[in-house]
Amino acid sequence: MKQKTYTRCLECNTVNEDSDYCKNCGALINIVLKRRLESEAMEERRVALENKIKEESKVLKFFENGLTHPFFIIRLFFKTLHYIWLFLSMVLGGLIASILAAAAG
Ligand SMILES: [Zn+2]
C-alpha cells in the first residue's frame, strides 16, 4: 500500500493529500515539481534573452554598415529604417517583457 503524503499549502495553509496542487487555491505545492518548473522557466527565459541579444547585434551590424555607406541616399534610407527599428524594438521589447512576466506569474 502506497503511503499518503500530506503537504501544507504555503499560500493558504490548506493541508492537501497526495496532490501536486492545492485543492483550495490551486497553488503548486509539490516542491520538487515546483523547482523543476522554475528551472525550466528560467532556462526558457535565458534562451529567449540570448536569442534576442543575438538578433539585436545582427540588426545593429546591419545598420552600422548602412549608416556609414558612402551614398547619402542610402545613409538616409538606413537612418529612417533605424528609427523605425528602434520604435518597433521598444514595442516588441515591452511585449516580450509582459509575456515573460505573465508566464512567470
Ligand atoms: Zn492553497
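None of the figures in this text is laboratory data; all of them are computed from the coordinates on show. Computed from a predicted structure; not experimentally measured. Don't worry about glycine lacking a Cβ; one is built from the backbone with ideal geometry, like all the others, and counts go over all protein chains shown.
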Subject >> Output for the stretch 9-36, where each listed residue is more than 8 Å from the ligand (Cβ to nearest atom) and under 24 Å from ALA104 (Cβ atoms) >> reply: SER19, ASP20, TYR21, LEU28, ASN30, ILE31, VAL32, LEU33, LYS34, ARG35, ARG36
**OP:** Scan the stretch 47-77 for residues that are touching a residue at least 40 places away in the same chain (Cβ under 8 Å) and charged (D, E, K, R) and report the count.
**Re:** 1
